[in-house]
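First up is the structure itself, then whatever we jot down about it.
The values are calculated or read from the model by the stated rules, or taken from the named source; none is laboratory data. Predicted model only: the values in this text are computed from it and were never measured. Virtual Cβ from ideal backbone geometry, glycine too; neighbours counted across all protein chains shown. The area values use the complete protein model at the heavy-atom level, side chains included, leaving out ligands, DNA and RNA. Shrake-Rupley method; radii C 1.70, N 1.55, O 1.52, S 1.80 Å.
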Amino acid sequence: MRAGLVGVDFGKGDFAASMEELELLSQSAGAEVVAEITCKRQSPDAAFYVGSGKADEIAHDVTNSSLDIVIFNHALSPGQQRNLEKHLQVRVVDRTSLILDIFAQRAKSHEGKIQIELAQLQHLATRLVRGWTHLERQKGGIGLRGPGETQLETDRRLLGERVKALKAKMDKLHKQRETQRRSRGKSNTFSVSLVGYTNAGKSSLFNALTKAGAYAADQLFATLDTTSRRLYLGEAGNVVISDTVGFVRDLPHQLVAAFKTTLEETIHADLLLHVVDANSANRLEQIEQVNLVLKEIGADKIPQILVWNKIDLAQLEPGFENDEYDRIQRVFLSARTGAGIELLRHAIGDFKQASSGEHPLRAPFIGASDLVLNA
């Protein structure tokens, strides 16, 4: 599928990095990016988001480059999306829909599929508007449709019923997780969650620590379903470590809400390993984006260790850093080569023993809200 990317620079943040990420997202969804259209604006245009002149330029590219789809690096209103599709005569997708599509392709577990469908339907609900050709008034009450009920009303009713059923399933899964969590709590199991920006190498690190063989790939959102394994740390005993979904800038709120059940593994963790791509030029911004999502789900006060991964690519040496209070702040390693993995195992073990009072630290570990970043 031949795609054209559209981005509007409002003068905030790293626009070039954002467009690079959109290209990676598009490729992850299976699109072939053949055109990129950018512009600068003070604020979005009400009708086309980019303005009528730029919309004409995009239409020109659609024809010249034989585009099948146009992908916006922004969240479009239903009206803007409808106007653009009518003007461009091709399918128009915004950033939210793109991420939802990738998640739908990658979800493997029953729970993951339910969460994705719920997020997609809630997003679709805002797109059900009058004026579509298949939503013209129908008569006769055939099948599920009542006498005089429009297709739009039927769509809304069926969608609402499906959302209600999915939420009931999610509530059931939530209760099952709570039961499992209470069981772990009774056995005083220490829990560790891997968090980080998508493609930072969380699954590779998870495999390096646990030999679990979880799916890991050099692509965005390779992991959607939480995987947990027991990890033995010598005299520090056992911990349960969980691999979780990666975060991304402007992560759709529907996804954060839908993945609340999965992300509860993060909320209830004793320690977060915040995995950072040490080779990324945007690593500090990515750390900030992850911490924003952690705050949104109520996990910003949980102690965390920054794990700078991919040091082989960044030409850094394995090691660790403490802050002025002798708290472990960073561990430098490579999940791919294994360099520095033992340092992280020791760091986790030290934290576990310190939290249980076996080897008290002079000060507690840092949480996201306390984190002071240096380049």
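Being open to solvent by 10 Å² or more (accessible area, probe 1.4 Å), modelled with pLDDT under 80 and of a type in the set (D, E) holds for only one residue in E342, E264, E288, and it is E264. R330 satisfies every condition listed in (1) surrounded by fewer than 16 Cβ atoms within 10 Å (Cβ to Cβ); (2) modelled with pLDDT of 90 or more except (1). Residues that are out of contact with any strand residue (DSSP E or B) (no Cβ under 9 Å at 6 or more places or on another chain) and modelled with pLDDT of 75 or more within the stretch 345-373 comprise Q353, A354, listed in sequence order.
Does L152 meet the test of being in contact with a helix residue (DSSP H, G or I) (Cβ under 6 Å, 6 or more places away or on another chain) and either modelled with pLDDT of 75 or more or open to solvent by 90 Å² or more (accessible area, probe 1.4 Å) (or both)? So L152 fails the test. Whether any residue in the stretch 308-318 is over 24 Å from D250 (Cα atoms), surrounded by 19 or more Cβ atoms within 10 Å (Cβ to Cβ) and free of Cβ contacts under 8 Å to residues at least 60 places away in the same chain is what I want to check. Yes, there is a match, as at least one residue in the stretch 308-318 is over 24 Å from D250 (Cα atoms), surrounded by 19 or more Cβ atoms within 10 Å (Cβ to Cβ) and free of Cβ contacts under 8 Å to residues at least 60 places away in the same chain. Any residue at all in the stretch 230-247 that's open to solvent by 30 Å² or more (accessible area, probe 1.4 Å), at pLDDT below 75, over 24 Å from A75 (Cβ atoms) and out of contact with any Ser or Thr (no Cβ under 9 Å at 6 or more places or on another chain)? No.
Set side by side, the residues D45, D9 differ, and just one is within 25 Å of L284 (Cα to Cα) and more than 22 Å from the chain's Cα centre (by Cα), which is D9. Looking only at the stretch 76-120, count how many residues are hydrophobic (A, V, I, L, M, F, W, C), over 12 Å from A29 (Cα atoms) and at pLDDT below 85. Number of matching residues: 5.
The set of residues from the stretch 300-326 being assigned to a loop (DSSP other than H, G, I, E, B) and over 17 Å from I287 (Cβ atoms) comprises Q315, E317, P318, E324, Y325, D326.
Report yes if some residue within the stretch 137-147 is modelled with pLDDT under 60 and either closer than 25 Å to D250 by Cα or touching a Lys or Arg at 6+ places or on another chain (Cβ under 7 Å) (or both); otherwise report no. Looking through the stretch 137-147, at least one residue is modelled with pLDDT under 60 and either closer than 25 Å to D250 by Cα or touching a Lys or Arg at 6+ places or on another chain (Cβ under 7 Å) (or both).
Residues of the stretch 73-100 that are under 18 Å from M1 (Cβ atoms) and of a type in the set (A, V, I, L, M): L84, L88, V90, V92, V93, L98, I99, L100. When you scan the stretch 19-125 for strands (runs of 3 or more DSSP E) that lie fully inside it, which ones turn up with 1 or more residues that are over 25 Å from D243 (Cβ atoms) and either open to solvent by 70 Å² or more (accessible area, probe 1.4 Å) or free of Cβ contacts under 8 Å to residues at least 60 places away in the same chain (or both)? Correct list: 32-40, 91-93.
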